[in-house]
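Beneath this line is the structure, given in structure tokens, with notes to follow.
The values are calculated or read from the model by the stated rules, or taken from the named source; none is laboratory data. Computed from a predicted structure; not experimentally measured. All Cβ positions, glycine included, derive from the backbone under ideal geometry; neighbour counts span all protein chains shown. Areas reflect the complete protein model, heavy atoms only, side chains present, ligands, DNA and RNA absent. Shrake-Rupley method; radii C 1.70, N 1.55, O 1.52, S 1.80 Å.
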Amino acid sequence: MSLIHIYFVGKDNFCLIHVSLVPVLGVVGEQKTKPTQHSVRELRALGLTPDLLACRSAQPLIGSAKEKLSQFCHVPVENILNIHDVPNIWHVPLILRNQKAHEAIIKQLNLSRSAGPPELRDWTLMAESYDNLSTSVKIALVGKYTNLSDSYLSVVKALLHASVACSQKPSIQWVSASDLEDATAASAPDAHTKAWETLKGSSCILIPGGFGDRGISGMILAAKYARENKVPYLGICLGMQISVIEMSRHVLGLGNADSEEFNTDTPDCVVMYMPEVSKTHLGNTMRLGCRRTFFRKPDCLTSKLYGNPPHVDERHRHRYEVNPSFVPMLENAGLQFVGCDESGNRMEIVELQDHPFYIGVQFHPEFKSRPRKPSPPFTGLILAATERMRTLTNVSNGDAGASE
């Protein structure tokens, strides 16, 4: 960004909002404006003058701090916005509206004739309803990168959107896939025991995407536990492939069933490298972007979650896919491939028969999840988990009544 860009688009078509931290230092609790003053000075040295200041702080800015910022940064007091800590992030647009941020931006961009006040009624209800939620749902997220939760940020946000839509607070139980493996029972028994206790104490299981063979055995064990114990399960990308490998090994009896990603020499390659992609040339080896998935069985659960459309458009990011030559065997065993691409050969969605909720998708539905429009597969998972919680509570209460 430079003066050249501003002159190119015109001053009335450019609005610079400078975001800065207003820390509180020392026991006195004084809000310090010097960091913002210095950063504005650096901007001016580059030829940029902020039109608005967006000040982050733990507590609302006091009047004297705003006046000081206005005086030394040459920004009108009404253009100094304060984004202080709130109960949840959905309150941020509301506090910006209350400070009339939209009016300052409209004035700066000269849009008063075409822009109106923001419509945030539904957003307000959503933010306030989250604050009032009293029950939570435990979700076991079994992955490789659980020590760095931001690796699954899109999945976490999708779970939040779906949970709030179901009047639940998400309680994500991080389970390292490697800790579930038999080898960990010998090398780190405490970690192994804790991982299984966490998995079994959750109301549903989710296995997200990932690459590489680390933790795969643990994921297969988690999928097996979900299948055998009727625990709601959602597998995304790699998670769908895990469900195929698990079924092939433990139901079809193909003990060597594997993905070509993990074992290129397996005789039962149930997950294969995409045939149209080169294995020798680097670059452009992934199936990316929004792709269309057609429902092979219109009455399947996934189709109902999406509202019974003939197809859905979801974003993809993968190199491997289910080997179509194994599909008839798997379907005879109860794993139904209910969605595919336009060719009919690339499998996109699987569902397990005689299970309350066991779905795997090759695409990444979390990428299109929004606060007021949660992803249907995630919503289905939370609904199934909530129903499982309710059923277990009723059984527990019934047993308690019988013992009395």
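Table for the structure above
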{"read-out": "Burial ranking of peptide ranges 226-236, 30-40 (average Cβ count within 10 Å, highest at the top)", "value": "226-236, 30-40"}
{"read-out": "Fraction of antiparallel bridges per DSSP, the chain only, in percent to nearest 5", "value": "45 percent"}
{"read-out": "Vicinal HN-Hα couplings computed from phi for region 203-218 (Karplus, 6.51 cos²θ - 1.76 cosθ + 1.60; Hz; Gly/Pro x)", "value": "8, 7, 10, 10, 10, x, x, x, 10, x, 9, 5, x, 5, 4, x"}
{"read-out": "Within the chain, helix-based [θ] at 222 nm, where runs of 4 or more DSSP H residues each add -39,500 (n - 2.57), nearest 500", "value": "-11500 deg cm²/dmol"}
{"read-out": "Per residue accessible area of the chain, 1.4 Å probe, in Å²", "value": "51 Å²"}
{"read-out": "Calculated from backbone phi, Karplus (6.51, -1.76, 1.60) coupling profile of region 294-303 in Hz, x at Gly/Pro", "value": "9, 7, 7, 10, x, 8, 6, 5, 4, 4"}
{"read-out": "For PHE363, distant residues with modelled amide H under 5 Å away", "value": "CYS237"}
{"read-out": "Accessible-area composition of region 133-387, carbon plus sulfur, in percent [1.4 Å probe]", "value": "48 percent"}
{"read-out": "Karplus-derived HN-Hα couplings along region 324-338 (A = 6.51, B = -1.76, C = 1.60, θ = phi - 60°), whole Hz, x at Gly and Pro", "value": "x, 5, 9, 4, x, 5, 5, 5, 5, 8, x, 8, 8, 8, 9"}
{"read-out": "Other-chain or far-sequence residues with amide H under 5 Å of ASN82's (modelled H)", "value": "CYS55"}
{"read-out": "Dipole of the chain [Lys/Arg +1, Asp/Glu -1 at C-beta], most positive-end residue of SER114, GLY218, VAL231", "value": "SER114"}
{"read-out": "Distance in nm between pseudo-label sites at ASN308 and VAL277 (7 Å out along the Cβ direction from Cα)", "value": "3.6 nm"}
{"read-out": "Cα-based helix-to-principal-axis angle, 34-45 vs the chain, degrees rounded to 10", "value": "80 degrees"}
{"read-out": "For volume of the Cα convex hull per residue in Å³, calculated from these coordinates, the label among (i) 135; (ii) 145; (iii) 240", "value": "(iii)"}
{"read-out": "LYS100 versus GLN59: modelled label distance in nm, points set 7 Å from Cα along the beta carbon direction", "value": "2.6 nm"}
{"read-out": "Qualifying aspartates and glutamates (Cα of each under 19 Å from Cα of LYS68; at least 8 residues distant if same chain)", "value": "GLU30, GLU42, ASP51, GLU78"}
{"read-out": "Contour excess over end-to-end distance, with Cα ends at GLU67 and LEU25 and 0.36 nm allotted per residue", "value": "13.2 nm"}
{"read-out": "Pair ASP299, GLU342: separation of 7 Å Cα→Cβ label points (nm)", "value": "2.9 nm"}
{"read-out": "Distance from region 73-132 to region 136-176 (C-alpha centre basis), Å", "value": "28 Å"}
{"read-out": "Set of lysines with alpha-carbon distance to LYS157 below 20 Å, sequence-local pairs under 8 removed", "value": "LYS138, LYS144, LYS169, LYS368, LYS373"}
